[in-house]
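These notes are about the structure you will find just below.
Just so it is clear, none of the values below were taken in a lab; they were calculated from the coordinates. Just so we're clear, the structure is a prediction, and the values are computed from it rather than from any experiment. Here the Cβ positions follow ideal geometry from the backbone for every residue, glycine too, while neighbour counts run over all protein chains shown.
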Amino acid sequence: VLVETGPPSAPTRRLRVRLESHAAISPWFGWATVGARGIESLARAAGLEPRKTIEAEGRWFAILERPR
């Protein structure tokens, strides 16, 4: 699984968001933002293993895999 994270110094935050378009507005739902350092513990809690963190053009990503 490839996930986009915040930079390593970004905190983990929980918030409520909704999607809006010119045609509709969704109900509010839970969302989270996670920094690159915070992804390890969350990935393991979800049964995934963090394999690599990558920075590309100012954006941060983590590669997570199921344990073998």
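Which whole-number percentage describes the relative contact order of the chain, with Cα contacts under 8 Å and a sequence gap of 6 or more? For the chain, the relative contact order is 37 percent. Seen from L2, the other residues with C-beta closer than 12 Å to its C-beta sum to a net charge of +1, counting Lys and Arg as +1 and Asp and Glu as -1.
Residue separation of F29 and I54 scaled by 0.36 nm, minus their Cα-Cα distance, works out to 6.2 nm of gained length. Of the GluC sites (Glu not before Pro) found in the chain, those in coil by DSSP whose Cβ has at most 12 other Cβ atoms within 10 Å are E57.
Taken about its Cα centre, the chain carries a charge dipole of roughly 240 debye when the Cβ of each Lys and Arg holds +1 and the Cβ of each Asp and Glu holds -1. Note on the chain: dipole from Cβ charges, positive end direction compared against V17, A43, W60; the farthest Cα belongs to A43. For Cα Rg over 2.2 N^0.38 Å, the choices are (1) 1.48; (2) 1.54; (3) 1.29; which was calculated from the structure? Evaluating Cα Rg over 2.2 N^0.38 Å on these atoms matches (3). Give, in nm to one decimal, the length gained when the segment between R16 and E65 is fully stretched (0.36 nm per residue of separation minus the Cα-Cα distance). This chain segment gains 14.9 nm when fully extended.
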